[in-house]
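Here the structure comes first, spelled out in structure tokens, and everything after it is commentary.
Since every read-out is calculated from the coordinates, none of them should be taken as a lab result. Worth saying up front: this structure is predicted, and the values here are computed from it rather than measured. A quick note on method: Cβ atoms are made from the backbone with ideal geometry, for glycine too, and the neighbour counts reach across all protein chains shown.
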């Protein structure tokens, strides 16, 4: 479906559900009903010889393009960065709709009692939300971060604050949405990513970060899960998008297991909460480094033996690769030895279907890129990393974090095949060991 067709379908959808566009950027006033107009301005302006996009805030001059507009019979400039959200151009106004707040009782359900670590984090988040302050949670994978934000969300909704829970990855967004809708059953929670539109009034949104380009000054609380994940880690424009979508008084809560130096530098010591323990009280699995060369033209006896043992032990396995084409060639060798084996990557059109099959226990072995390093939790899972020397420390920590997340199966293997040790490999292992030691010192793991 083209961008124009998507936009038309969305307009039809709006008319059908009578959804309110509170806090939104709108291209056609026919799409609003009782909402009030806050401001209008050209989609793109030239300020002191440089272009700025008023839809996404882009100021990268290489992302602006000029063409002759036959509607206004003159040359116009549009922004290519946010064109999928409606063309913002110099010859047409965009409309910013007034935000609106709506209070609820903020009731939620939690089926278990928070651990001491989770309770401390939850109290800090709630305090920051109520005071419109910023906070960074440096929490190990499997710490139970999602449950830690419940009390803060509840407090915000009782005040009528608008909330956005966002992540760079669609898979993470879907996982978080399922948990939040299960906990906050009385809330109208919008799920938004490419091709998936809001159906309520944007008081409580779970979305990919890009979707915040649709808003201006609307959210009082923005919770960013996996803040270090691609593309947010590489694209400072998306960080600006978060600011632009936020109200004047707003709290930003950032969650990650692998904060980089640039992110850490934005917070003072009192704004960083370090959470070294998993919610179930068991230590993080430590990577095992093994020298082993995997070739795309030859069966590797060590890997084959390990995968067969996994099937015998009724364990699931993710095998991570750094390159899609290399992975596909290796997969074509091993697919003849196993019946429930698949591969997945970011360019796989059946990606979401395969992840669903994983959850439904239809796949035992998944060859994958780093697309599955976050946002999925399975029982009885072990991981293998091929050519670990080609991965950075953040990716290794995240991949290792897939293992042992369930309380019924808290242990597992993180097997790292390599052709030579690197600083990133040693740093990842040392970070995991350091977090385990800190959690043990605090009495949070045994």
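General observations
- Label-reachable residues, segment 275-296, where backbone N falls under 20 Å from a point 7 Å from residue 422's Cα toward its Cβ: 286-296
- Each part gets one Cα centre, and for segment 43-65 versus segment 160-177 those centres are 28 Å apart.
- Least to most buried among 235, 111 (fewest other Cβ within 10 Å first): 111, 235
- Förster radius 25 Å - calculated FRET efficiency between residue 269 and residue 113, Cβ distance, rounded to 0.05: 0.30
- For the chain, the longest principal axis of the alpha carbon atoms and the long axis of helix 3-17 meet at an angle near 80°.
- Here the residues 324, 223, ranked from fewest to most Cβ neighbours within 10 Å of their Cβ, fall in the order 324, 223.
- Among 130-138, 80-88, the order from most to least packed when residues are scored by Cβ within 10 Å on average: 80-88, 130-138
- Taking each DSSP H run with n ≥ 4 as -39500 (n - 2.57) and averaging over every residue of the chain yields -9000 deg cm²/dmol at 222 nm.
- For the pair residue 131 and residue 299, a Förster radius of 41 Å applied to the C-beta separation gives a FRET efficiency near 0.10, rounded to the nearest 0.05.
- Relative to the dominant Cα principal axis of the chain, helix 116-131 is inclined by about 10°.
- Share, in percent, of DSSP beta bridges within the chain that are antiparallel, nearest 5: 30 percent
- Annotation: extensible slack from residue 339 through residue 360 equals 6.0 nm (criterion: 0.36 nm per residue apart, minus Cα-Cα distance).
- Computed label-point distance, nm, for sites residue 91 and residue 323 using a 7 Å Cα→Cβ extension: 4.7 nm
- Choice from 142, 404, 281 with maximal GNM fluctuation in the chain (Cα, 10 Å cutoff): 281
- Peptides 159-168, 347-356, ordered by how many other C-beta atoms sit within 10 Å of their residues on average, highest first, read 159-168, 347-356.
- DSSP bridge analysis restricted to segment 288-441 gives an antiparallel fraction near 5%, rounded to the nearest 5.
- From the alpha carbon centroid of segment 385-446 to that of segment 107-130 is 26 Å.
- Degrees between helix 170-183 axis and first principal axis of the chain (Cα, 0 to 90, nearest 10): 80 degrees
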